[in-house]
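Working notes, beginning with the structure itself.
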Amino acid sequence: MRIFVYVLVLLIVISSQRKQQLQSSKQMTISIDSAVSQHIAKLTTSPIKPKERRKISKYPLGDGQYLELLAVLLGWLCDDQLGKIGSPSHLSSCNCTKVLPTITSLIPNLHSTSVHTQLPIIKFLYFSCLQLNSIGKQKSSLTTTLRRIGEELQKPCTRSSAEQLEVKPFFQSSDLHIRLLSSLIVLQVVSQVDYLAITFDIIKQDLKDNVGKEVFLLYHGVAAILCFLKPAYKVLCEHVADIFLLLSMESVTLQLFLNECSTDEWFTSCIGLFRDASNVSVKVLEKMSIVLQRLSKIKSNKRRFEQSQLIPVIQKLSRTLTDPDTAFLTLNLRSVVLNLNN
């Protein structure tokens with residue numbers, strides 16, 4: 001809690017400084033306009049004095065230094081509170097709404113900072129969005145803020161007005177952590193299907209090697225994309241199934257992935273998919289059956305299969321599928337039942 005108080009104080013200081021900068025800029029503009037009207041001939045021949053330039057940028061602490069300090073505090077906060085998925089803290093549920101708007105307004109300034117500064121702030125935004133989505137109560141009051149977060153993360157930045165040097169948006173960053181975190185945030189706050197599909201493609205590209213899988217699972221990516229595992233999201237549901245299939249392949253991250261799937265929330269989403277199997281493509285069901293097959297080998301998951309009522313649904317589906325194109329799916333479903341009965 002003490003760390004959060006420090007964050008609040010720092011954000012108040014940053015907001016105050018930005019207001020002072022804005023007021024100072026307005027005053028400077030007014031004085032310059034007045035000077036231009038009185039001494040236009042003199043101004044066209046005389047350069048601005050160095051002393052005047054110093055006056056414009058003379059502040060006790062620069063924005064970059066404030067952002068570095070904010071990054072340290074938010075890093076501590078994420079590690080201490082927000083990163084605990086599955087047990088939302090009182091801090092995250094009650095206080096994220098207080099700081100998100102201010103931190104969101106700072107996103108454009110992050111383009112000129114280092115990855116070391118960017119990562120804790122992006123991480124805080126991600127875990128805040130993830131916790132708010134899991135709670136659901138306060139999301140409606142932050143609709144505008146969440147939409148702006150998505151826009152800022154997808155927006156490229158022009159670093160220099162003279163050279164027009166364009167910096168890639170955060171969800172296309174060269175840094176894997178920032179790219180994956182930003183992509184997962186976009187999936188939670190953006191509603192346009194075309195943008196979501198592009199973001200899923202970026203994630204799938206990163207999951208083709210073990211490093212990408214490790215980072216994705218480190219940030220609980222399974223929980224972030226689970227909301228799209230529904231028959232209503234036909235296109236996006238296929239992307240989720242593709243990601244689950246990639247993660248279910250033999251690798252050093254397989255066990256970690258299976259642990260992430262061994263939750264009541266995951267099995268609840270899965271039962272909804274198989275109950276409405278007639279509205280789901282066979283390819284999606286096949287990919288999900290592969291994951292279920294691996295999960296059924298874990299003894300502690302038998303309770304989840306039973307509580308979610310997946311077993312009778314799978315048994316019925318394996319008996320009613322007669323199309324030759326569903327032979328692989330039928331075989332996998334029967335294998336799941338066999339594993340659970342052993």
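The values are calculated or read from the model by the stated rules, or taken from the named source; none is laboratory data. Just so it is clear, the structure is predicted and the values come from calculations on it, not from any experiment. Note that each Cβ is placed from the backbone with ideal geometry, even for glycine, and that neighbours are counted across all protein chains shown. Just so you know, the surface numbers come from the protein's heavy atoms only, side chains and all, with ligands and any DNA or RNA stripped out. Shrake-Rupley method; radii C 1.70, N 1.55, O 1.52, S 1.80 Å.
Can you tell me which residues in region 314-327 are in contact with a helix residue (DSSP H, G or I) (Cβ under 7 Å, 6 or more places away or on another chain) and assigned to a helix (DSSP H, G or I)?
Once the filter is applied, which keeps residues that are in contact with a helix residue (DSSP H, G or I) (Cβ under 7 Å, 6 or more places away or on another chain) and assigned to a helix (DSSP H, G or I), region 314-327 yields I314, Q315, L317, S318, D325, T326.
Every residue, every condition in (1) among the charged types (D, E, K, R); (2) open to solvent by less than 20 Å² (accessible area, probe 1.4 Å); (3) assigned to a helix (DSSP H, G or I), yes or no:
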{"site": "C227", "(1), (2), (3)": "no, no, yes"}
{"site": "L236", "(1), (2), (3)": "no, yes, yes"}
{"site": "I243", "(1), (2), (3)": "no, yes, yes"}
{"site": "K287", "(1), (2), (3)": "yes, no, yes"}
{"site": "S300", "(1), (2), (3)": "no, no, yes"}
{"site": "R304", "(1), (2), (3)": "yes, no, yes"}
{"site": "P312", "(1), (2), (3)": "no, no, yes"}
{"site": "L329", "(1), (2), (3)": "no, yes, yes"}
{"site": "L340", "(1), (2), (3)": "no, yes, yes"}
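Here are some conditions: (1) farther than 21 Å from L247 by Cβ; (2) modelled with pLDDT of 95 or more; (3) hydroxyl-bearing (S, T, Y). S318 meets all but one. Which one does it not meet?
(2)
Select from region 196-212 the residues that are within 15 Å of the chain's Cα centre (by Cα) and open to solvent by 10 Å² or more (accessible area, probe 1.4 Å) and list them in ascending order.
If the condition is that a residue be within 15 Å of the chain's Cα centre (by Cα) and open to solvent by 10 Å² or more (accessible area, probe 1.4 Å), then A197, I198, D201, I202, K204, D206 are the ones that fit.
Show the residue pairs that are 6+ apart or on different chains and have beta-carbon atoms under 7 Å apart, the first residue being within region 317-342 and over 15 Å from R294 (Cβ atoms), the second being open to solvent by 90 Å² or more (accessible area, probe 1.4 Å) and of a type in the set (D, E, K, R).
S318/R334
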